[in-house]
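Asker: Encoded as structure tokens, here's the structure I'll be asking about.
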Amino acid sequence: RDLKGDMPVIVVGNKLDLRSGDAHVIESELRSAAGPIMEIFRQVETLMDCSAKKMINVSELMLFATKAVLHPTAPLYDTGSHEMKPACVRALTRVFGLCDGNQDGVLDDVELNKFQREVFGSPLIATQVTGIKNMLRRNVPDGVTDAGISVSGFLYLHKLFIQRGRSETTWEVLRAHHYGSNLRLLPERLPSLSNLAPDQICQLPSDVISFLSNLFWQHDLEGNGALTPTQLKALFVEKTPGLLWEGKDWHSRIDSNGHLDVHGFISLWAAACHLDTLECIEYLVYLGYGGGNLATADAAIKKCPSRRADYKRRVTSRSVFE
């Protein structure tokens with residue numbers, strides 16, 4: 001409760017050796033007891049019986065305990081709705097986009113095997129690929145085309161892994177693409193700011209401003225130069241953890257209807273780059289700057305010369321001032 005349920009839990013009954021009766025009956029009773037518990041306490045990963053005296057299920061218990069910590073289901077899957085959580089869908093959708101080399105919306109056999117080798121160290125054989133595609137055709141009509149596996153098929157496969165108790169497969173994919181346990185990119189994988197002097201600042205380079213401007217106009221459906229709260233939410237919700245400046249006391253330019261215009265939008269990003277540089281970079285990666293690839297994240301910011309250097313040269317390249 002102190003951790004607000006954000007911790008994997010296993011419920012274990014002991015003294016299984018004292019219970020008599022058919023093994024199938026005992027298992028059925030356990031399932032009957034487990035249902036209500038796991039329905040109320042969604043953070044419960046596993047419920048099982050064991051006997052320390054007779055060493056029944058003890059090794060299995062250790063295995064499940066380890067798995068619950070290293071590959072927890074709770075961040076990935078909602079046991080109530082039986083669907084993957086939005087953060088998991090966002091992360092896997094980004095992974096799909098990174099693996100879709102020609103950006104045609106599907107993973108062909110070459111891209112699928114490249115993904116398989118990079119994450120798991122070995123390719124799929126032809127019969128495995130065929131089996132996966134046939135299974136998707138039966139269960140997800142839009143999950144596979146003649147060209148390859150679509151994003152809906154990719155997501156369905158991971159949902160299936162989780163439902164079948166193989167969450168470690170999904171975690172391997174996410175961790176191979178530098179996601180942490182909170183399903184956000186690991187901070188240590190973002191560009192280092194350790195060499196930034198105290199009187200230096202970061203600001204947005206011109207290509208990032210162009211990228212953000214294009215993003216703005218793509219979501220300005222009326223073409224009136226302003227984003228409604230709904231349009232602003234749509235811009236962020238599918239690919240990022242939320243509105244970048246939500247909960248921050250930042251103010252910007254709005255139109256007469258109280259909607260954010262393009263200049264206000266860019267200025268909020270400029271503030272984020274200056275005040276919370278790493279989160280700004282993280283969000284740009286989520287939104288697809290540089291193809292959403294961490295390898296290009298260094299280019300997402302421009303480190304300005306120090307104030308001391310500006311004073312000496314009597315000129316500045318800064319567009320953000322404190």
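The values are calculated or read from the model by the stated rules, or taken from the named source; none is laboratory data. Since the model is a prediction, treat every value here as computed from it, not as a measurement. In this analysis, Cβ positions are derived from the backbone assuming ideal geometry, glycine residues included, and neighbour counts consider all displayed protein chains. Note: areas computed on protein heavy atoms with side chains; ligands, DNA, RNA excluded. Shrake-Rupley method; radii C 1.70, N 1.55, O 1.52, S 1.80 Å.
Asker: Is the C-alpha gyration tensor of the stretch 38-148 telling us rounded, prolate or oblate? Criteria: a/c under 1.5 is rounded; beyond that, a/b larger than b/c is prolate, otherwise oblate.
Answerer: Working: a/c = 2.41, a/b = 1.88, b/c = 1.28.
The shape class here is prolate.
Asker: If a/c stays under 1.5 just call it rounded; otherwise compare a/b with b/c (prolate if a/b is bigger, oblate if not). Do that for the stretch 74-127, with a ≥ b ≥ c from the square roots of the Cα gyration tensor eigenvalues.
Answerer: It is prolate, given that a/c is not under 1.5 and a/b is the larger ratio.
Asker: Highest first, please rank the peptides 169-180, 290-301 by the mean number of other Cβ atoms sitting within 10 Å of their residues.
Answerer: 169-180, 290-301
Asker: Oh, and also: How many angstrom lie between the Cα centre of the stretch 229-270 and the Cα centre of the stretch 118-181?
Answerer: If we compute the Cα centre of each part, the gap is 35 Å.
Asker: Suppose R0 equals 56 Å. What FRET efficiency, 1/(1 + (r/R0)^6) with r the Cβ-Cβ distance, do Arg137 and Ser256 give to the nearest 0.05? Let's see the in-between values first.
Answerer: Values: r = 53 Å, r/R0 = 0.94.
With R0 = 56 Å, the Cβ-Cβ based efficiency is 0.60.
Asker: In the stretch 129-174, what is the volume of the convex hull around the alpha carbon atoms, normalised per residue and reported in Å³?
Answerer: It is 76 Å³ per residue.
Asker: Further, regarding this structure: Can you pull the semi-axes for the stretch 217-299, root of five times each eigenvalue of the Cα gyration tensor, sorted largest first, whole Å?
Answerer: The three semi-axes for the stretch 217-299 are 22, 15, 11 Å.
Asker: Another question, if that's okay. Roughly what angle does helix 277-287 make with the longest principal axis of the chain, taking Cα atoms, 0 to 90 degrees, to the nearest 10?
Answerer: The two axes meet at around 70 degrees.
Asker: Classify the stretch 169-227 from the C-alpha gyration tensor, please: rounded if a/c falls under 1.5, else prolate or oblate depending on whether a/b exceeds b/c.
Answerer: Note, shape of the stretch 169-227 comes out oblate.
Asker: To the nearest 10 degrees, how steeply does helix 206-219 sit against the main Cα axis of the chain, on a 0 to 90 scale?
Answerer: Result, in degrees: 70.
Asker: Next up: Kindly write out, for the stretch 100-105 in residue order, the coupling ³J(HN,Hα) from the Karplus curve 6.51 cos²θ - 1.76 cosθ + 1.60 (θ = phi - 60°), rounded to whole Hz, with x marking Gly and Pro.
Answerer: 7, x, 9, 6, 9, x
Asker: Okay, next question. Could you give the dipole magnitude of the chain about its Cα centre, charging the beta-carbon of Lys and Arg +1 and that of Asp and Glu -1, in debye to the nearest 20?
Answerer: 740
Asker: Then there is this: Among Leu204, Phe236, Trp217, which residue has its Cα furthest toward the positive end of the charge dipole of the chain, with +1 on Lys/Arg Cβ and -1 on Asp/Glu Cβ?
Answerer: Value: Leu204.
Asker: State the percentage of accessible surface on the stretch 159-299 attributable to carbon and sulfur atoms; use a 1.4 Å probe and exclude ligands, DNA and RNA.
Answerer: Reported share for carbon and sulfur atoms: 51 percent.
Asker: Over the alpha-carbon set of the chain, work out the extent along each principal axis and list the three values in angstrom, largest first.
Answerer: Result for the chain: principal-axis Cα extents of 87, 50, 42 Å.
Asker: Can you compute the charge dipole magnitude of the stretch 42-194 about its Cα centre, using +1 on each Lys and Arg Cβ and -1 on each Asp and Glu Cβ, nothing else charged? Give it in debye, rounded to the nearest 20.
Answerer: 460
Asker: Which aspartates and glutamates, on any chain, are close to Lys54 with Cα under 14 Å apart, when same-chain ones fewer than 8 places away are left out?
Answerer: Here the aspartates and glutamates satisfying the reach criterion relative to Lys54 are Asp17.
Asker: Right, next: Under 17 Å Cα to Cα from Lys15, which aspartates and glutamates show up? Leave out anything in the same chain fewer than 8 places away.
Answerer: Output for Lys15: Glu27, Glu29, Asp49, Glu60.
Asker: Also, I was wondering about something else. What does the highest-first list of 257-265, 215-223 look like by mean Cβ count within 10 Å? Mind showing how you got there, number by number?
Answerer: Details: 257-265: 16.0, 215-223: 14.1.
Output ranking for 257-265, 215-223: 257-265, 215-223.
Asker: Would you list which lysines come within 22 Å of Lys85, measuring only between C-alpha atoms, while excluding same-chain residues fewer than 8 positions from it?
Answerer: The qualifying lysines are Lys4, Lys67, Lys159, Lys233, Lys239.
Asker: Also, quick follow-up: I'd like to check one number: the per residue accessible area of the chain, probe 1.4 Å, reported in Å² as a whole number.
Answerer: It amounts to 57 Å² per residue over the chain.
Asker: If you count the DSSP beta bridges with both ends in the chain, what percent of them are antiparallel, to the nearest 5?
Answerer: Among the beta bridges of the chain, antiparallel pairing accounts for roughly 70 percent.
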